[in-house]
1. Looking only at the range 20-29, which residues are in a loop (DSSP other than H, G, I, E, B) and touching a residue at least 12 places away in the same chain (Cβ under 8 Å)?
2. I'm trying to understand the selection: among the residues of the range 110-130, which are aliphatic (A, V, I, L, M) and more than 10 Å from the chain's Cα centre (by Cα)?
3. Is it fair to say residue 73 is among the small types (Gly, Ala, Ser), more than 25 Å from residue 154 (Cβ to Cβ) and within 17 Å of the chain's Cα centre (by Cα)?
4. Residues in the range 47-68 that are touching a residue at least 12 places away in the same chain (Cβ under 8 Å) and more than 15 Å from residue 110 (Cβ to Cβ): how many?
5. Any residue in the range 113-133 that's closer than 20 Å to residue 17 by Cβ: show its pairings with residues that are assigned to a helix (DSSP H, G or I) and among the acidic types (Asp, Glu) at Cβ separation under 8 Å, as long as the two are six or more apart or on different chains.
6. Condition first: in contact with a Pro (Cβ under 6 Å, 6 or more places away or on another chain) and on the phi < 0 side of the Ramachandran plot. Can you find one or more residues in the range 60-74 that meet it?
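Read the figures in this text as sums done on the coordinates, not as results from a lab. These numbers come from a predicted model, not from an experiment. As a convention, Cβ positions derive from the backbone with ideal geometry for all residues, glycine included, and neighbour counts pool all protein chains shown.
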Amino acid sequence: MSFYVRVFSLAEDFPSLRALCDELLEEGYEFATSPGKDEAAFNEADWKEIVFQYNEDNKPIVLERNTINQEDSLFKDEQKEFLDEIKEMPYSKGQKKAVEILKNIVQIYAFELDEDFTEEGWEYLECILDFLCDATDGYVQVDEEGIYDQEGNLMLELS
């Protein structure tokens with residue numbers, strides 16, 4: 001069984017796969033990717049997906065990037081689903097801020113994770129999340145937890 005962690009991005013700009021991998025390497029992580037650095041898809045400017053194998057004993061992390069401009073992406077469906085859920089919640093500062101964020105996002109980075117995700121995996125993922133949030137004015141959403149503000153504090157609880 002899988003669960004998702006997402007970055008709701010307010011910026012149209014996005015890092016290249018090379019920049020993302022360089023950040024992980026600078027932080028001392030070892031990993032493999034698909035596509036690999038020698039494949040043409042790795043160097044595509046408008047990339048859509050990458051798989052990170054951070055440990056041979058664990059399932060990889062699958063990262064999918066969906067944008068507001070993609071005709072066939074899940075972007076609009078996910079945006080509407082989250083907006084509908086949050087609008088039904090009682091009013092609060094967190095609820096109001098989450099609605100504002102979701103109305104203005106232009107990209108969603110969705111990480112598919114295995115339910116047996118390890119502490120090592122979380123450390124690795126946090127490095128990617130920090131990088132993406134800084135690079136794209138992003139907010140993190142974790143299934144069964146909620147949406148976090150840019151300081152990493154839970155802004156709105158979602159179940």
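1. 27, 29
2. Answer for the range 110-130, where residues must be aliphatic (A, V, I, L, M) and more than 10 Å from the chain's Cα centre (by Cα): just 113.
3. Details: among the small types (Gly, Ala, Ser): yes; more than 25 Å from residue 154 (Cβ to Cβ): yes; within 17 Å of the chain's Cα centre (by Cα): yes.
Yes, satisfied.
4. 5
5. If the second residue must be assigned to a helix (DSSP H, G or I) and among the acidic types (Asp, Glu), the pairs left are 127/23; 128/23; 131/23.
6. Among the residues of the range 60-74, not one is in contact with a Pro (Cβ under 6 Å, 6 or more places away or on another chain) and on the phi < 0 side of the Ramachandran plot, which makes the answer no.
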